[in-house]
Each structure stands twice: as structure tokens, then as C-alpha cells.
1. Per residue, what accessible area does region B:213-362 have, given a 1.4 Å probe and all protein chains present, in Å²?
2. Sort A:426-433, B:53-60, A:237-244, A:347-354 by the packing proxy (mean of other Cβ within 10 Å over each peptide's residues), most packed first.
3. Taking every residue in B:381-392, how many Cβ atoms of other protein chains lie within 10 Å of its Cβ, on average?
4. Out of the GluC sites (Glu not before Pro) in region B:175-246, which ones are loop residues according to DSSP with at most 14 other C-beta atoms within 10 Å?
5. Need one number: nm distance between label points at A:Asp334 and B:Thr61, each 7 Å from Cα along Cα→Cβ, rounded to one decimal.
6. Checking an interface number: how much accessible area is buried between B and A, summed over both chains, with a 1.4 Å probe, in Å² rounded to 100?
7. Just the accessible area per residue of region A:312-450, please: how many Å² with a 1.4 Å probe?
8. Using a Förster distance of 51 Å, how high is the FRET efficiency between A:Glu397 and B:Asp186, based on the Cβ-Cβ distance and rounded to 0.05?
Amino acid sequence: MQDRDTIDRRTFTRRTAAVTGAIALAGCVGGEEPGDGDETGDGDGNGDDDVAAVPELPEIEDPPDAVYVPTHREAMRMLEPIDAGEFRLAPMLSYPHPFWVIAGGGSAEEEVERIDPDDGRGVHMMFTLWDAETGIVLPVDEGTQITIYRDDEQVGSPRSPWAMISQEMGFHFGDNVSLPEDGTYTVEVTITPVSTTKTGDLEGRLEERQTATFEFVYDDEFRHEVVGGVEYLDEDDWGRRGALGPMDHGHGEGGHAHGEEHGDGHHDDGHQHGDGDGHHDDGHQHGDEHRDDGGHDDHDHHHVPYSELPDVDEYPGTVLVDPDADERPAETMDLPRSGDGAFLATLTEPGFRLADGDERYLLVSPRTPYNRVPLADMSLSVTVERDGETVAEPSLEQTLDSELDLHYGTSVADVQPGDSVTITVESPPQVARHRGYETAFLEMPPVELTIPEES
Amino acid sequence: MVPDRSSLSRREYVRALVATGGAGALSACLDAVDDGEATAAPSGTDDPDSLPDRQHAWNDTLSSDDDGNVLLPEHHALVALSLRAEPNEEDRDTVEAAFRTIERAYEWSNEGLVFTVGYTPAYFARYDGSLPDSVDLPEPVALTDREDPAFDEYDALLHLASDRPEVVLEAEEALFGDRETVNGVDLEADLSGVFDRREDHRRTGFVGDGLPARHTDLPDVPESIHEEAPFFMGFRSGFRESQATEDRVTISEGPFSGGTTQQLSSMDLQLEVWFEQDNHYQRVSKLFSPEHAEEELVGAFGERLETASGLTDDRIEATAADARERGVVGHAQKAARARENGDPLLLRRDFNTVDGDRPGLHFLSLQRGIDEFVRVREAMTGADLDVPSANNGLLHYIFVNRRGNYLLPPREHRALPPADPGSGA
Ligand code: HEM
Ligand SMILES: [Cu+2]
């Protein structure tokens, strides 16, 4: 039933070598606690002591307050996607690892907390959840729940996994879950209705609570696979501004790092760490095409959509621009940023389907700058000014649309070319973050834009 | 099955005995308690009229903490009951006599025993007439999208509470005829001919300073819980100004006036995430309000709060704004939005549990009608708030798995009341 994606012996040897190399490196980099994640196992007499439960995870000192390249590409076991009513979900399992949870504006230090797995035994349990019909990844925290069983006995209390973003997995739900012993586990997932405003083909759908179950085996083989599968990046790239590309879900790994240090047109600057199948950019097509794939390709059970928003040119209306910029943004990388989040804002024609009557619709779609992952669960408001006078000050509503995906929007009556629009981030995305995203999207100053004259 | 004493502290052992129940547990419990100063529980009264008309009149007799907040008894048992046959007058007399025996045996207090008996909608369904309009007692239902609870569909529930664990056990055994005397009083009648105990639905619990931290031996109770916290979530609760008064929850008209309704939700708690992932600041934000966290109003476990939970009108009104501007709202500020004219609607008598060897809460509340509970629960769910589920108070940490609604009739009708005692049905 499950897709173990086991690796062959040769790959394994090669990866083990990579791990060892990196451990040697970690000493120079510092920040590693002695004994943490060493190769001796944790000695609870469970399984093969030669297999570490977690890989060596070196720290990056002083990462930028922006999206940055982590030290390694995470390895995981992909399980076969499962159906749950109108929903579909793909479970993924990795070793327990640090992540950050946020409750608040991110300005007080205490509002962000780093979670460190206490002992390595267990998994980082994740799943991507999407609408089976449109293929849209559902990127909002509605309170899904999981309960874990082993031999029909419940293991631990139920939990609600965190809504999280990661460079490789995009938006997903996940948590570190400790597992008492090796064995076969059954996970019951409860998916709650999507209460966020839904529009287009999503309207009136995804309103039934559903449950689904999946199974997995936690054992030496699993640990070999996920610990051995970790790929360390070139140390020069650690902490550099940029991001790992989306993982190739069909094969459980691959991808490349994007960077921006070398100027535009150079996003793919040769940091390929895959098994030779890292060129999967084409696997992530944009817009409708991408969604149709996700929805109708019933044969491909392994296809797991990545929560990638459409690019700039696929949105209707006039793109709002930075008054000081010379050129209109052509793609996400060119968009104005706040807290390193890229802000796409457009003003539609009057009478657009999401506007009231013949009003226009003001749409703001904040996203991660490289992978276009939606920044969900934010609160945004805008101030529209004309000749120094405020003409409107609406709050934007988080909305999930079958074509425009996750965005924040409002219908506006009296907004016209030449007006200036300031987007205020009332609260930054309240989603947990994997490494490389934890220092970004926290302090997010207002974004000042103008509505260009129609050309 | 009596728990193994050797591995447990005395208090822990005694708590485990209450959870186990039965005659074996009782005798073990008496032995254990005997190790200490063996004083008899204070005895009750021969004059039933000296007791309050309301079964739920506990507050005047219960002890208070240094700040004047009511302290619930430490040990609780919820005994589920199913009728053996359709009730008749003789059964009513038996039930009343059994309760009076208990009242003669134990003082109505923390040191003695306080108890109530409540009846479900399923119980009243057997009568031709329906409950009077003055009683709002619908069948229990799921109240949020997150829950899919089982329902209490048996007939009645006995709630026994005392600071003395052996009293809780002994009273239960006495009510089911497993003893000849109870606290020195001869047993005149018991319930066993009228009710079967539903062992599968028996629930137990405890509440009080330091009790939760005694359960860190269980895998799902983290070591990091504060030593003095009275509740599993690590903070004091039940401050006087956040509780409805007994008058507020009392039915004021009709044949059941002097009664109240009881709502019972049993839930699992996810303490590992709460204590080991969230930090103190986040816990205070999510439990009280983000301003409580920022201004450090709470202290380590609520010791800075005295008789009020610091919920000013401003902080309650700020809930929607906190959701948007701070990305997080507190459980208490959010629930307090349901106050009417400034008065809370619920009298919460909830307590911790480790039934099933996992941490949980039996959330027991009294309110005039179940509709009031539903309103408060809606305020707590906060579907109107612009905030993700994980930062919406406690929602991320609680998992409701059972719910029951009950009528607690006034004492005069507590023994197998018909649906409308006034109508002579
Ligand atoms: C683990 C579960 C729960 C915990 C730890 C908890 C804790 C608290 C705390 C600390 C307070 C503020 C302090 C005080 O009580 O004076 C409070 C208030 C309150 N809680 Fe809970 N609670 C829980 C579940 C519930 C549930 C299920 C309800 C049902 C609706 C509820 C309703 C209320 C109400 C109505 C208030 C008072 C609001 C006011 O002041 O008007 N609580 N709770
Ligand atoms: Cu994750």
C-alpha cells in the first residue's frame, strides 16, 4: 500500500558519505551541542544502535532576517496519497527536527518559539492537503487533528498538527511526534471543513468533516532512509539569501536552490543536489494548467501538488507598483517585499466576479519570494490615498479562490489610477516555519504602492 | 483491580483508588488513609430541611482560597446510571431514602460530601408529557466542526465530590448496597434495585493546587507542568468574577424552579504541545489574552490574579481586534464575550482527569438553560474571529469526545422526577 521509495544500496553509501563529511564540518561551524544527534543512537535498546534517529543538523549563526538557504535538503518518506471525501492528502514522514511556532505579531521575542525535538525517537509527521477536484493545496489552519494507534492502542493524546511552511514542502500540516518503539503505526486524520471564504469553484464545497487513515512502519530501515537521505549543501550557501526549490514529490527528493545574490536572470545558479533529476521546474507549471493536472490525473497516484501560487502575469487587472521602481514587476522575484514576503497587488476592472456589483476588486497576494508559497493566516488592511487625503481604509478578507488561490481581497468602489495604496500588515503569517523561513515574514512594515495609469 | 501501591506516592495511590472504584478499592483506600491521622469524616444531619433546596448549592459550604475564590472538593466521581425498570412511586421513595442516608452520614462540605443527581433528556423521554418550557434541556449535539462526541444517553448521573477520596468511594459503595453502614450511619436504602451502574461510563477526577503535577509519571503529562498548578493546563481558573453565581444558574420558574441544568463535556488535552512547544508567553496569550502576556499579569500559574482573571471590559472587547492585530486571542477573553450585562452565564465546576491513563478534563458547567452553554461555547469557538485555529484560545489543545446534558432538579424533585411534576403526570 505504501510507497516506501526505498533507496538502493549505492545511493545509500553515497549519502552516508555526505553525512559523515558534514559532521566533520559541523565542528567548524559551531552551534552544535555536544552529543546531539550523534551516530550512536539514543541507547533505549530499541532497534539497531548503528542507525541514528536524526541526522546531524548544524546551526547557521546569524541568519539574515530574510528567506535563506538552510544547510541541507530534508529527506523523507512519501506515503501514497489518500482520499477523504472531497479532500485528498499526502502523508510524508521525516526525522524530528527543529521548527518555529508563532503566536503574535512577531515583534516580541516570546511570540516566536523554536521547537527542538527532545529525544530523536520519532518522526516529523506531515501531510499536504488539497482539494481533489481543483488540485488546490488548502493553505489555511482550520484545526485538523491526528490520533495515532499502535496495535489498536492509542499512542499519546490526540493532537492538531501545526500549519507550516517549508521551502521544500510548501504549505503543509505537521508536528514532531515521538514514538515509543519501532513498529507499525496507524494514523487517523480528521479534516475539518474549510471555513475560510471560498470563491469560484470552491464556493459551497469542502464543508464536510472527514476522516482518513494511513499506516507507516517506524524501524531501522526508515531511519536509514530519512537520515541517510539528507543532502548537505555546499557550506558556502548556508545562510545565503535564497531558497531550496520544491521537492519533487514523485520521487521524494531532488530539486535545486534558488538564489538572488547574482543578479536577475540567475535564479537557478547551479546548486543542484538531486539525484540527477533535479530539473523539475517543468513539473511545477503555473496557473490553470497546473491545477487541471492535479485534478484530473487520476492515474498518477503519486502526484502531490505543491502550494505554488500563479505568477504575476496570471492575475487579472492592473498590477500596483512601487512608486520608485522603474519597471513593472514581471514575476514574483521583482515584486515589492516586506519582511522578505513578496507582495502582489492588483486592481481589477469594474464588475470583476469577486467584486460587489460593478465595483473593482483589490487583491493582495503575499507569497514567499522564490517558491511562491502563499503567506496564509495574515491580517492585512489597506489605506487608499488621493492628493494626500484618505479615500478608503478597508480590511482585506482572506479568500481561497479556485483560480487565484489564496489571497486577501476586498471590493472597492472609489479607487482609481494614480491613487496610492498602502498595505498594512496587522499580523504576519501565523504559520509555523521550517528552517530558512523562520527569520522572514515576521516584522513586516507597510508596503507603499500606486495604481499606475492604465496603459 | 486494585492498583499497585509500591510504585505510587500515597496521594497518587489514593487517587488511583478513586478512579478504580469498588469495594476492594475502598478498603485499600481506608487502609491507605489510615496511615495518616485517622479521623472520621464529619457526619451529616438528621434534619433534611436544614439542607439547601438546591442540589447545586455548594458554594456557601465549600472552602475558599486566600483570595476568596470557591475551592471545589479535590476528588470527584461521576457515576452513570441506567434504570432497571420503569420507575414507580416505590422506587422514588427508595431513591430519596438512599440520598437521605448519605446526607445523614456526611456533612454537606468539602470534608464531608457534596453531591448532585442529574437526569438526561433520554430519561425524560419515557414520560408522556414534555418538560415544562421553563426547562431548557435539549439532547446533546456536536457544537463545533472539530468535534464528533459520543453522547451520554443513559438515564442519570451522580456527581460525588469530597476532599477525602475515601468518602467519595464509600458513598458510592453505600449507594449501591455494598455496605451495612456508612460513616457510622445504618443504611436504610440503596439504589441498586432501581439503577444499574454503567461502569463503562464511570468517570473520575481531581482538582486542586499541586494535584496535576503528581501525574507526571504518565507519558502524556509533561514534567514541566507547574508544581502548584491546580489544573492540567498549568493555571488557576474559576476566579469568582468569572463564574456565574448559583442564583444566576438557577431555574426561577415552574415545577423545577430551584433546579439548574448541567452540561458535561469530557475531553482529551494535548499537554505535550502546550508545555513543551508553546512558551509561557504564548500560553498566557492563548489562555487569558495577549495583553495578559505582554503586561505579565498572570504570574507562573495565575498567582498574580486574585478574585478576577483580569478581564476588563476593554480586554474582552478587544478580542476581535486582538485576532487581527496580534494574531492570537485568549480563551478567557473570548469566552467572556458571552457575559450578559457583565455577568458570566456559566458556573464551571470542571476538574482534571487521568481516566484511560491520559490527561483530560471533565468540563462540568451549570447554567440556567443549555442554550446558555451553547452561546458561551460559540463565543469560545470564535468562528467570527479572524484568527487561525492554533492561536484561537485553547482550541488547538482540546479534543472533546463525550457530551451530556442533564437537569439537576431541586432537592424536592431529585428522586426520579416525572417530566412535569406539577401536572400530576
Ligand atoms: C482545558 C480546558 C479549559 C481550561 C484550561 C480553561 C481555563 C480557563 C481559565 C484559566 C479561565 C480564566 C480564569 C477564570 O476561570 O476565572 C477560563 C474562563 C472561562 N472558561 Fe475556560 N477553560 C477550559 C475549557 C472551557 C470550556 C470547554 C468552556 C465552555 C464554554 C469554558 C468556558 C469558560 C468561561 C465561560 C470562562 C469565563 C469567562 C468570563 O470571565 O466570563 N472553558 N477558562
Ligand atoms: Cu513540517
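The values are calculated or read from the model by the stated rules, or taken from the named source; none is laboratory data. Quick caveat, the model's predicted, so the values are computed rather than measured. Please note: Cβ atoms are built from the backbone with ideal geometry, for glycine as well, and neighbour counts cover all protein chains shown. For the accessible areas, the whole protein counts, side chains as well, though only heavy atoms, and no ligand, DNA or RNA atoms are used. Shrake-Rupley method; radii C 1.70, N 1.55, O 1.52, S 1.80 Å.
1. The answer is 35 Å² per residue.
2. Ranking the peptides A:426-433, B:53-60, A:237-244, A:347-354 by packing returns A:426-433, A:237-244, B:53-60, A:347-354.
3. 6
4. Values: sites: B:Glu180, B:Glu188, B:Glu199, B:Glu223, B:Glu227, B:Glu228, B:Glu241, B:Glu246; in loops: B:Glu180, B:Glu188, B:Glu223, B:Glu227, B:Glu228.
Qualifying residues, ordered by number: B:Glu180, B:Glu188, B:Glu223, B:Glu227.
5. With each label point 7 Å from Cα toward Cβ, the separation is 8.0 nm.
6. Rounded to the nearest hundred, the buried surface is 2900 Å².
7. Roughly 34 Å² per residue, with all protein chains present.
8. It comes out at approximately 0.15.
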